[in-house]
């Protein structure tokens, strides 16, 4: 069976590279084919990579608090580019300040993200969510 | 041992170079005006007569040739995303010495098909999708191509999952399948496609270009001329067993219609604080600026540099510049008299041609402030540490101000984000031997390399800094 393809990277002007490497290894270990775009990734780069590789999902990381601005309009751009319905997942320190995560999650969902994860989420949680999103539960 | 003859069938000139491979000596060079329409053999005979009048009658053990006659190797490519597989296809074609007339991305349309039919390329390179990735686009494009009448060969170098199906769709045509130009995301794999292009050029294009008569008198290796130059530059940079190269380099060929740039350098970020963006570029990269040339494309130089700079560099009034530019763009065979206004103008034009073409070839650096401080974002090749610049082309060979013109290839304070060499030795190909040396290197690399080191250094070795 063909491996599911994930496009991952850290969005915006964010250069936090460590978590990105950890996710790359964790997702690969979990049986995904991972295209890692590294740090300072623009929306267009995720989308271009997802088109060429026929990716099954895009996983966006943001660690520097500007995630909400950086992610705005991404779903619409995916639609424009022909990636209609591609699962979008976001996690990290995606907003600044003390906010209730339920509110944050609601806002990201309204922006078209399928899942949003708070700080401190383990890779295992994300992997499980991805398996569910991509309908892989039977094989797991 | 008898000498070797190296022939370059150009679109307007046939150039011949005789080399004594045993002694490692350049016996002589000559050229003759030719057109494919007249007869390519005639041009060769005239050039040989000229050569032999200088060297005396010679008998050759082998005759090798390259060709850019009849418009060179015309190619069209189609890929998926413009910056990704479509760019990889363009790089592969340019690297094989082709003239890339059109790069399509995403799905071909009926209008695109009209264009393809009108251009009638020598080879079509069909790519798209990483291995196991998108198949929809390349299959669509294969079907679109199959819907029109065409007689050019198609190379399929896209997603391997779709390769065989594309071949079936295009059944009845000459189809070649090779490895994907981008097998994994961000990984460039253009050598197999390049090799396939050169094979087809050998087997098929020679006949189509009226070169078969010439093929009878030569012993082998017909390749596109830019491909021969590329080989020569790679050898000069890297060296070979028995002879060291000169290290990373940039070569510039300013022609009448186009300007070719070659760089032999890795060009990846030099320190950890720099983030690289975009598709990695090949170590041996070639670009062609179709709008930058000394005669046919003189308008492109003016558009890029502006008449003010050309006027300032040449020391001529803008109106006089305009007048002369009008003249040379129609009388394309004009060669300046020493001390003439045209010579001054040509100096400015060649300088701006080099500056524009090298700036487009080289990468750029962007400064970005992040929450972690200043970060550098690099796209394209970082050529700042390249220390060798080789220049060729009529306007640089004929002038005595080669070094001054060539210095425009270097980094400048006016455009600090352009990653061009900070300083470099300038070498001139005064005898126009680069393509010949590329051909010679197929069988006698050490001789070719030694000859280049000698002949390129011989005229105008200087260090330039352009700050």
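Read-outs: derived from the displayed coordinates by stated rules, not from any lab. The shown structure was predicted, so the numbers you read here are calculated from the model rather than taken from an experiment. Glycine also receives a Cβ, built like all others from the backbone with ideal geometry; neighbour counts cover every protein chain displayed.
Quick notes
- Between A:128, A:33, A:102, the GNM of chain A built on Cα springs shorter than 10 angstrom shows A:102 fluctuating the most.
- Paramagnetic label reach from residue A:18 (point 7 Å along Cα→Cβ; backbone nitrogen cut-off under 16 Å): within segment A:81-103, residues A:92-93.
- Ellipticity estimate at 222 nm from DSSP helix runs (n ≥ 4, -39,500 (n - 2.57)) divided over chain A, nearest 500: -11500 deg cm²/dmol
- The ranking of B:432, B:443 from fewest to most other beta carbons within 10 Å of each one's beta carbon is B:443, B:432.
- Segment B:219-273: C-alpha gyration tensor shape, a/c 1.5 cut-off, then a/b vs b/c: oblate
- An ellipsoid equivalent to segment B:236-464, defined through the eigenvalues of its Cα gyration tensor, has semi-axes of 29, 25, 14 Å when rounded to whole angstrom and sorted largest first.
- Taking the helices alone, chain B has a mean residue ellipticity at 222 nm of -10500 deg cm²/dmol, built from -39,500 (n - 2.57) per DSSP H run of at least 4 residues and averaged over all its residues.
- Using every pair of separate Cα atoms, the Kirkwood estimate puts the hydrodynamic radius of segment B:74-204 at 13.9 angstrom.
- Structural descriptor for segment A:5-133: relative contact order 25 percent, calculated from alpha carbon pairs under 8 angstrom and at least 6 residues apart.
- Between residue B:25 and residue B:111, the modelled labels are 6.2 nm apart [label points 7 Å from Cα along Cα→Cβ].
- FRET efficiency, residue B:457 to residue B:271 (Cβ-Cβ, R0 45 Å, nearest 0.05): 0.90
- At 0.692 mPa s and 37 °C, Stokes D of the protein assembly as shown from Kirkwood alpha-carbon radius, µm² per second: 124
- Among B:80, B:451, sorting on how many other beta-carbon atoms sit within 10 Å of each Cβ, with the fewest leading, yields B:451, B:80.
- Against the rule of thumb 2.2 N^0.38 Å, how large the Cα Rg of chain A comes out: 0.96
- Rg(Cα)/(2.2 N^0.38 Å) for segment B:33-113, N = residue count: 1.69
- Residue of A:66, A:43, A:99 that the Gaussian network model of chain A assigns the largest fluctuation, springs spanning Cα pairs under 10 Å: A:99
- Comparing A:130, A:69, A:37 in a Gaussian network model of chain A where C-alpha atoms under 10 Å apart are linked, the largest mean-square fluctuation is found at A:69.
- For residue B:143 and residue B:257, a Förster radius of 41 Å and the Cβ-Cβ distance give a FRET efficiency of 0.70, rounded to the nearest 0.05.
- For segment B:40-54 and segment B:366-386, distance of Cα centres in Å: 52
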